[in-house]
């Protein structure tokens, strides 16, 4: 009975639960919040915790964990195949179906999403007091969108989930944001929506093109069918055009220079938990799309355009660091650091090797944990000191020792200190990059120095030095939820740094498949 | 027989050598203030470093004993796979060989003594943070020393960078900084970033070396495997490419070991507590660079000889440059800092002229005497309340123990104690090497001049601090307590014992081995470079060099005595023109010589060139200012330009696109309003006319009641719907949410999943 439900033998399975549980819980959360204001947050926390727990269950099933009864094991997943697949015909004539599945590429991101949403809801406890019921309902709606993007194995579901993300994020920025929230929300919405439109063109293009190669002679949106014919796409002009259209959609989301301007604005204006989700997960959707497209559907086109992806990556890496050096707002600095770090993801994918891909995916996860930590710190500091301006925060370590200590830790983690999460991805990506394009790699490693430079320069001007008398009222973290957020994120940063094998083992099958496509 | 008696019993515990201090550092950080309230958790740190030291003593002691008695070739790797992706396989563990044994023993000893010393020295300023960081620092160095592969070495290497950052910036909230000294936070940042520049070269070097092994089909980061591969398959590799790789690796060492041109961070690093300076200068951090080269020496040996030549030249430049700067320092830690750089220059020379063993030999000796000097300096600072030698003097009566141990350390640095043997070995090898490579002659010259300078500046320091009368009697200097003096005596005794062993093993001047077992210098070659034949250097040359080194050292000390020793209770004052003035009440012949030489020196100093040189040295050859200017240009102009681009070009491009879209919409609107709407209206008019025609018919056919009724219905519905239009954004959000859910449910119905 349980196995039938979990494996989706009756149509719906465990992945649908992950996908739909948050959205179905969104309305009750809202209504309960309307009745008793304080309850919404606990219900939302509970729902996100359950979702995360189910994600962990999926991980254990995927991993054939001995703790589970063997009837729940998915067995050995074939290379390039999805497991726990749920496939229901939706619109037959278009080759479109409700289809979810999981593989070595999406599973780490699903786990990350479950975790980051749980953390983001915890992080809202202290800060968000305005219209709580609506807020938590929005967060849960957002969770469905993010989970759907990673779980979908059909381009239509993927696109719907991708677009669904925009709506709650628009409201999160527009209602609970900073002083320029309306401008930022609209800027964010229009910018990313335009990119999605271009991506949609790409999706339609791939549907048209696939008709040439499928057995039935019809176009398909199905990921597994597309993967099956990925080697036949070749690199004709139309395929390259599709690649560019999809690439545009993804790198706006990543975001990469020169399409990154929405990010600092959205981050600065978004509420702190919104920034955490934005940096932790929404950027990863772009990276995920890029990896899925280039490794699973259009490998030959990536080979053709690898130079473009690599150049965008390296420019993002260096340019992000240079601009970050001059930022005054702490959140803005972290936002530009995200641009730089996501550049490493692009570099890793561009190398078309196992090491590069593993490094890129490792960076996605590591950045997905470290950047929420940094944004949470920036938000907490802003809340407590009433300013996030770096020059005004001189010497805040005196008043806020715990925040200061974790900020130092997180900065080093983000700068790629060995033993913490970020380093392994840098190592793997640069190993692949030195193998692939030595000149580019030599330019790229200077990005590491600049990254260290802007973090240390920020630390020197904020944490250290004699105290700014204006900060007399600032107080350290005190609420249990704040301790929990800082503790959990720091812990995972450390664990990922010390035991990289846990994560790398999860993606073995995906990395091997990625490399075999070239 | 011996083989059976001495197994590698303790080696199984070697993994705990770095693990103990790492675990302890976390315990201290979180629980330190509860366990050991008075000393901020010093006790835990003490036990951890102590345990680590004892373990190292057992492991290394066993290895050294086996080497001595058994002449065994020891190379034992205990490792587990850390992770494995594609061709990249990374291991974690320990590699036990003579190099690791010797260096980690020194590191563990000094770390332990520093923690003991800190109990008193940091009794007011300590905190759990301090002890946690010290422990982590020591652990990082031990991880590096025991590492079996490049990646684990790099992990320890970077971790050490962070620990040094945190420790140099320990007094981060200092409000007043003495003039001419950097703020601790700024010094910490400088140290981290300067070494980071070197680190990325090392990072690139490691990866390129790995790719070479990958090209050959045996990808590995492991030291032993890479070395064996290079030795076995030498013909397949290009020595010129290895010059490049070797220099990249050397770049890392240049940063960490403070070689020219990345030496600028080390003098500033004295902004941290003296105990930290001691660790950085003697055991950890700067020694890591030399250790790295020694560890990857096979790369340098394989590479074309140009690589070694560059290493030696950089060493030579560093040695003489910092030796000269040390002459004009007035800060007790400043003198020692520049002397460290200069001694590191010696070690680099040693590496460059083909003697990894002599360099490591000097690493050990320098570690001992520099730790001794720094801890003595700490004791002086603690007792005298200042670190400016202009305000000291006459401390011998008040701090007798410190003065004696510091004398032992100074003698050793000057080249008379245990430092003599290793420094002399380096000079000797340089001279020997110069016979094949004429450029090395310059390096040799630098080494010899630096030997003289070293003896001079360290005794300048000692003579200005300890003898004579106090220049600031109001300071009430006092001897430090036993927590501080005991580590000092330990180090002093280690220094003397080492000197004794070396002496007995090899009477320097005559070059006779009394007890072969104690000829450590010879053993160093045998242990560290087992495959190379022992260097065959002419005996006459050896004796000559040893004699001349001794004479040079004595000359340096003598000159310092003449210029700076306050004979006959001379009163010393520091005058505004930057020189010390000596006033003597009674005179004898030596005082006469002193006065003449001082006046000669003063007249030289007052000339234009003299003043120029003085200024040049005080400014450290303006290298610091050059870098500062460069960084300023990058930060203030280049990055600002990028920021301007970001704020203006990129943002405006987006807005401009938006504007075009908006204008297009305006056009559509016009089109819509005039053309489309006009057509619609026209159609409407026509319909109205038609309707007028139909009206008459309609009125008769259609019931008035129905029309009225439906009109009312519409009115009512409108009334209900109007309430929905609240203008509250969250309500709209609710509707969109409900809409999304409805669509999903309807979709599910259509798909036939949910039964109707």
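The values are calculated or read from the model by the stated rules, or taken from the named source; none is laboratory data. Note that the coordinates shown come from a computational prediction; the quantities given were computed from them, not determined experimentally. Positions of Cβ are generated from backbone atoms using ideal geometry, with glycine treated the same way; all protein chains shown enter the neighbour counts.
Just checking, does region B:205-220 include any residue being without any contact (Cβ under 8 Å) to a residue 12 or more places away in the chain and either surrounded by 22 or more Cβ atoms within 10 Å (Cβ to Cβ) or under 25 Å from the mean Cα position of the chain (by Cα) (or both)?
yes
Could you list, ordered by first residue, the pairs with Cβ atoms under 8 Å in which the first is in region A:506-518 and at the interface with chain B (Cβ under 9 Å from one of its Cβ atoms) and the second is modelled with pLDDT under 85 and in a loop (DSSP other than H, G, I, E, B), at least 6 apart or interchain?
As it stands, the answer is A:511/B:86; A:512/A:79; A:515/B:86, since those pairs meet every condition given.
Given the options A:60, A:96, name the one that is out of contact with any strand residue (DSSP E or B) (no Cβ under 9 Å at 6 or more places or on another chain) and surrounded by 14 or more Cβ atoms within 10 Å (Cβ to Cβ).
A:60
For region B:43-64, which residues satisfy the criterion of being out of contact with any helix residue (DSSP H, G or I) (no Cβ under 6 Å at 6 or more places or on another chain) and either farther than 23 Å from residue B:522 by Cα or not in a helix (DSSP H, G or I) (or both)?
B:43, B:47, B:54, listed by residue number.
With the condition kept exactly as written, say whether any residue in region B:582-598 is surrounded by 13 or more Cβ atoms within 10 Å (Cβ to Cβ), in the same structural domain as residue B:430 (by TED's automatic domain parsing) and out of contact with any helix residue (DSSP H, G or I) (no Cβ under 8 Å at 6 or more places or on another chain).
no
Which one is nearest to residue A:207 (Cα to Cα), of the residues in region A:138-155 that are touching a strand residue (DSSP E or B) at 6+ places or on another chain (Cβ under 9 Å) and assigned to a helix (DSSP H, G or I)?
A:155
Out of the residues in region A:123-137 meeting the condition of being part of a loop (DSSP other than H, G, I, E, B) and touching a helix residue (DSSP H, G or I) at 6+ places or on another chain (Cβ under 7 Å), tell me which one is nearest to residue A:37 (Cα to Cα).
A:131
Can you name every one of the helices (runs of 4 or more DSSP H) wholly within region B:379-475 that holds 1 or more residues which are at pLDDT 85 or above?
Qualifying helices (runs of 4 or more DSSP H): B:400-414, B:418-434, B:440-465.
Check residue A:268 against each of (1) within 14 Å of chain B (Cβ to nearest Cβ); (2) closer than 25 Å to residue A:151 by Cβ; (3) assigned to a helix (DSSP H, G or I) and name the one condition it does not meet.
(2)
On the basis of being modelled with pLDDT of 90 or more and facing another protein chain (nearest Cβ under 10 Å), does residue A:410 make the cut?
It is false that residue A:410 is modelled with pLDDT of 90 or more and facing another protein chain (nearest Cβ under 10 Å).
Pick from A:166, A:172, A:241: which is surrounded by fewer than 16 Cβ atoms within 10 Å (Cβ to Cβ), modelled with pLDDT of 90 or more and assigned to a helix (DSSP H, G or I)?
Among A:166, A:172, A:241, only A:241 is surrounded by fewer than 16 Cβ atoms within 10 Å (Cβ to Cβ), modelled with pLDDT of 90 or more and assigned to a helix (DSSP H, G or I).
So, in region B:150-177, exactly how many residues are more than 8 Å from chain A (Cβ to nearest Cβ) and within 18 Å of residue B:275 (Cβ to Cβ)?
Qualifying residue count for the region: 7.
What is the one condition in (1) assigned to a helix (DSSP H, G or I); (2) surrounded by fewer than 20 Cβ atoms within 10 Å (Cβ to Cβ) that residue B:253 does not satisfy?
With (1) assigned to a helix (DSSP H, G or I); (2) surrounded by fewer than 20 Cβ atoms within 10 Å (Cβ to Cβ) applied to residue B:253, the lone miss is (2).
Would you mind finding the one in B:616, B:554, B:606, B:630 that is over 23 Å from residue B:450 (Cα atoms) and within 35 Å of the chain's Cα centre (by Cα)?
When all the criteria are applied, what remains is B:630.
Go through (1) away from chain B (no Cβ under 12 Å); (2) more than 24 Å from residue B:166 (Cα to Cα); (3) touching a residue at least 12 places away in the same chain (Cβ under 8 Å); (4) surrounded by fewer than 19 Cβ atoms within 10 Å (Cβ to Cβ) and name the single condition residue A:480 misses.
(3)
So, of the residues in region B:533-583 that are in contact with a strand residue (DSSP E or B) (Cβ under 6 Å, 6 or more places away or on another chain) and in a loop (DSSP other than H, G, I, E, B), which turns out to be modelled with the lowest pLDDT?
Going through the qualifying residues, I end up with B:575.
Being more than 17 Å from the chain's Cα centre (by Cα) and more than 30 Å from residue B:129 (Cα to Cα) narrows it down to one of B:330, B:348, so name that one.
The conditions single out B:330.
Looking only at region A:20-30, count every residue that is more than 10 Å from chain B (Cβ to nearest Cβ) and either in contact with a helix residue (DSSP H, G or I) (Cβ under 6 Å, 6 or more places away or on another chain) or more than 30 Å from residue A:59 (Cβ to Cβ) (or both) and tell me the total.
The qualifying residues number 4.
Would you check if residue A:344 is part of a helix (DSSP H, G or I) and within 12 Å of the chain's Cα centre (by Cα)?
No: the conditions fail for residue A:344.
Out of all the residues in region B:27-42, which are part of a helix (DSSP H, G or I) and touching a helix residue (DSSP H, G or I) at 6+ places or on another chain (Cβ under 7 Å)?
B:27, B:28, B:29, B:32, B:33, B:35, B:42
Among (1) out of contact with any helix residue (DSSP H, G or I) (no Cβ under 6 Å at 6 or more places or on another chain); (2) surrounded by fewer than 24 Cβ atoms within 10 Å (Cβ to Cβ), where does residue A:449 come up short?
Status for residue A:449: all satisfied but (1).
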